[in-house]
Amino acid sequence: MDSIRDISTSTTRGGIVTRFIGDTAVEYSLLTDPTSLGERLQTLSSIANAIRELSIRGIGDVVVSPDRVTVIYDPLLIDCLTTFEARVHAALAQPQSPPTSGKLHDVPVRYGGESGPDFDAVCRAHAIDSKTLIQLHTEPEYVVTAIGFVPGFPYLEGLPKTLETPRLSTPRRRVPAGSVGIGGSQTGVYPFETPGGWHLIGRTDTTFFDPIHSPPALLQPGDRVRFYETNHVDPAPNHATTAEPKGTTPNYITILEPGLMTTVQDLGRSGFRASGVPSSGAADRVSAILANSILGNPENAAVLEYTLLGPTVHFKTDCFIAIAGATNNSLATLRPIRVRRGDTLHLGHVAKGCRGYLAVAGGFCVPLVLNSCSTYMPAKLGGHGGRSLQTGDQLAIGEPLVTSFSTTWSLANDVVPLPTSPCTLRILPEGPVSSAHRVMTSTPMNVTAQSDRMGIRFHGALPPLPATSLSRAVLPGTIQLPPDGKPILLLCDAQTIGGYPVLGQVIAADLPRAAQLRPGDTVCFSETTLADAHRLYRHQHDILATAQQGITHALGLAGKAE
């Protein structure tokens, strides 16, 4: 990939603007916006379909948002970005078949009251009464321009200008499932309980996402939606999309104390961002991979991820385990550890870092949901019933690929160095240089206690950026700036589409380090280049590969010793 040094971060060809977003995504937008919404959606859908049909190795997702198409790629699998770009533009130059016309969906809504906590505020903001607001909101036939934010969330265009309402200055941490909201010039529905920054005017009982269906999202770009008022309340829908495993096998563990945010994770989901499904998976992928590699597991085997406080686990079988990521003063990490049937493991408080990973030889057995074991709690997807672990939960252990281990060796701690404070995160800035960019890259910022798997929130007050009128695809590493001026660094459970202005993108090589930041840590942001970002990502992969070679050698010696 030497030719990445020749790639400009923004080019225009054939009426299509190409722009690299961070070091793992490319955006394609139209140089001239079509006069009609339908024409724009047809053109964007044609671009997305043409790219998907190329089946280029390394492309993980193709996401349509209201005014652009975003392609997420793996820098390790794209041999040459110049060739990649040439293939994409050659495909886009060919005539494309227009997409089929979308379906019409009628959606009942209970407006105001407990169902719409911002209903009265929106009325006051526009100097209208409640009857007028409902009439204005139910008159249009909305067009679905994108699915994102959370699984199944529809971005709907067609909102009357008299109802356009700026997003909340500070997002709510929890929005009830089924809430109907207004954000800027768009309206939409929250399928699950999740954070959100839109004004909530009502609620619906319609199910917008079901992982059993294909595609899992009820609506698709180009579909049309009509809202109508109702006072009827359907029985509360069961939003659990993953059943809790029943029964046990001879080999399993029992959770005696769950710790903090202990979930089952693998390396995440790919290929479903177009339906609003984030990658999820281990926040610190490198540590999860090493924990599995130490035990001879596949890299993608299911592990337990815990945050700041680890679980207490009772073992119902003899087995080997490995711990990676955040360290504990009393437990060894990055090495095989033998446990016996009846043993109890107390992981306790972490001493350094934020997230630890517990792997077991054979991996944990949970059902695959959308091709992954990973837990995504907002949609109750994957893992153990789509939730964090609780006291009494039992997890089955699979058959190990390696059964003989030497416990006299360990990996060096510097294979996966945990962040120090201050910690430097390298970014690829986005947009014209602003006072917010200058302050962010010159002023250390502290991590707040409101951080989680969706994102890291920072103390501070950066100068505002111009508000964006349309939402766009975002991904792990995106730095958003809400109107309150406190930046948010998105992580693995973050939304797939967002509407806040973007300052830049933390490079992929630094995301494992970012996942280990804990409340109170200090972060310094430093700008880098696309070429250096790809070089650093390959270097990180090479270090990991070298460590895995050493592990393979150690496992081989252990087998011979037996």
Handout entry: Checking Leu411 against (1) over 19 Å from Ser293 (Cβ atoms); (2) of a type in the set (A, V, I, L, M, F, W, C); (3) surrounded by 14 or more Cβ atoms within 10 Å (Cβ to Cβ), the condition it does not meet
Key = (1)
Fill in the blank from the handout: Inside the stretch 268-313, the number of residues satisfying the requirement of being under 21 Å from Trp409 (Cα atoms) and either in the same structural domain as Tyr155 (by TED's automatic domain parsing) or among the acidic types (Asp, Glu) (or both) is 1
Handout entry: Selection status of Arg173, out of contact with any helix residue (DSSP H, G or I) (no Cβ under 9 Å at 6 or more places or on another chain), in contact (Cβ under 8 Å) with a residue 60 or more places away in the chain and basic (Lys, Arg)
Key = yes
Handout entry: Per-region count, the stretch 497-551, residues among the β-branched types (Val, Ile, Thr), touching a residue at least 12 places away in the same chain (Cβ under 8 Å) and part of a helix (DSSP H, G or I)
Key = 2
Exercise for the section: Out of the residues in the stretch 552-562 that are surrounded by fewer than 14 Cβ atoms within 10 Å (Cβ to Cβ) and either of a type in the set (A, V, I, L, M) or outside any helix (DSSP H, G or I) (or both), state the one that is modelled with the highest pLDDT. Expected result: Leu557
Handout entry: Residues (touching a residue at least 12 places away in the same chain (Cβ under 8 Å), among the charged types (D, E, K, R) and closer than 15 Å to Ser179 by Cα) located in the stretch 103-158
Key = Arg110, Asp118
Completion exercise
Note: among Thr83, Thr145, Thr132, just one is closer than 27 Å to Gly15 by Cα, among the polar types (S, T, N, Q) and not assigned by TED's automatic domain parsing to the domain that holds Ser36, namely Thr145
Practice task
Check whether at least one residue in the stretch 469-490 is touching a strand residue (DSSP E or B) at 6+ places or on another chain (Cβ under 7 Å), among the small types (Gly, Ala, Ser), at pLDDT 90 or above and outside any loop (DSSP other than H, G, I, E, B), and report yes or no.
Solution key: yes
Practice task
Return only the number of the condition from (1) within 23 Å of Thr496 (Cβ to Cβ); (2) at pLDDT below 95; (3) not aliphatic (A, V, I, L, M) that Asp284 does not satisfy.
Solution key: (2)
Handout entry: Number of positions in the stretch 251-286 that are buried (at least 23 other Cβ atoms within 10 Å of the Cβ), under 22 Å from Thr403 (Cα atoms) and not hydrophobic (A, V, I, L, M, F, W, C)
Key = 1
Exercise for the section: May I ask you to say which residue of Leu411, Leu401 is part of a loop (DSSP other than H, G, I, E, B) and in contact with a Leu (Cβ under 8 Å, 6 or more places away or on another chain)? Expected result: Leu411
Completion exercise
Residues of the stretch 196-206 being surrounded by fewer than 23 Cβ atoms within 10 Å (Cβ to Cβ) and at pLDDT below 95, in sequence order, are Gly197
Problem - Failed item, numbered, when Thr391 is tested on (1) more than 18 Å from the chain's Cα centre (by Cα); (2) crowded, with 21+ Cβ neighbours inside 10 Å; (3) closer than 29 Å to Val150 by Cβ - result: (2)
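The values are calculated or read from the model by the stated rules, or taken from the named source; none is laboratory data. As the structure is a prediction and not an experimental result, all values here were calculated from the model. Counting neighbours? That spans all protein chains shown, and the Cβs are built from the backbone with ideal geometry, glycine included.
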